[in-house]
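Here's the structure we're looking at; comments come further down.
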Amino acid sequence: MPRLAVDKLSKRFGGAVVLDQLSFEVDGGRVLGIIGPNGSGKTTLVNVLNGVYRPTRGTITLDGERIEGRSPHRLIRLGISRTFQNPRVFQSLTLLENLLMVTDGMGREARSASRARELLEFVGLADFADSVASELSGGQKKLAEFARALMTEPRLVLMDEPFAGIHPTIKDSLMSRIRETCDERGITYLVVSHEVSELVALSDQFLCIAEGKVLAAGSPRAVSEDPQVIEAYLGMPVGAA
């Protein structure tokens with residue numbers, strides 16, 4: 001059984017078709033990389049999977065359970081968390097408080113505080129636990145948001161442009177932590193990114209979306225070298241001069 005299965009998923013806004021009969025699957029403990037031109041529907045897909053938008057039609061299953069149309073707070077409890085292209089941290093709160101926000105009211109405060117400190121150590125931000133989030137760099141905020149996404153012990157993490165605009169050292173650290181949690185904790189990731197070379201190196205599976213449809217799906221190398229993908233999006237094969 002796949003961790004995430006999307007079948008004939010469509011989303012319309014008025015007369016505009018943004019997602020058109022998308023179907024794909026990804027297993028547990030895998031990274032699915034998603035690429036595509038601007039306006040192809042990638043962020044809309046993340047928002048539908050996250051419950052921000054209700055799909056017009058189609059089904060979404062998480063470990064065999066139908067989840068389409070459920071609210072974001074219910075999906076968090078079911079094991080889906082996410083990060084954003086522009087990190088959404090609470091600027092006036094400390095890093096520790098930012099992480100604790102997602103478990104507030106779940107009745108496990110002592111465990112949550114311990115886990116928050118462990119995760120800040122995991123992403124290399126332990127020394128900033130009591131620092132106000134506004135004092136961090138953009139890359140550090142992305143690491144903090146990633147740690148917060150892991151707070152609820154998710155089965156699936158949705159990441160929208162996690163590598164954009166961050167220092168190469170932080171980018172390498174984030175990629176390493178994603179890979180480690182896949183391999184050791186069985187977490188599945190769906191990662192949308194324009195950083196194609198990095199995404200090819202990180203991903204187990206690849207998907208290219210164009211005009212709301214699946215243009216190509218398969219291994220990262222096969223998709224990135226697909227002539228249709230090169231014509232519609234890349235311009236040249238990944239790694240070519």
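In the range 1-74, Cα pairs under 8 Å separated by at least six residues give a relative contact order of 38 percent. Going from the residue with the fewest nearby Cβ atoms within 10 Å to the one with the most, Lys11, Lys213 rank Lys213, Lys11.
Past the 18 Å Cα-Cα mark, which pairs from Lys142/Lys213; Lys142/Lys171; Lys42/Lys171?
Flagged as over cut-off: Lys142/Lys213; Lys42/Lys171.
Look at Met101, Met159 and count the other Cβ atoms within 10 Å of each Cβ; fewest to most, that gives Met101, Met159.
Go ahead and estimate [θ] at 222 nm for the chain from helices alone: -39,500 (n - 2.57) per DSSP H run with n ≥ 4, summed, over the residue count, rounded to 500. Helix-only estimate at 222 nm: -9500 deg cm²/dmol. Give me the log10 of I(q) over I(0) for the chain at q = 0.08, 0.10 Å⁻¹, as the Debye formula computes it from C-alpha points; what are the numbers? Taken in order of the listed q values, log10 I(q)/I(0) reads -0.29, -0.46.
Here the relative contact order of the chain, from alpha carbon pairs under 8 Å that lie six or more residues apart, stands at 27 percent.
Which residues among the range 192-214 fall inside the zone where the amide N is under 17 Å from a point 7 Å beyond the Cα of Gln228, along Cα→Cβ? Inside the label zone: 206-214.
Each value in this text was obtained by applying a stated rule to the coordinates, not by laboratory testing. Everything quoted here is computed from the prediction, not taken from an experiment. So basically every Cβ, Gly included, is an ideal-geometry build from the backbone, and we count neighbours across all protein chains shown.
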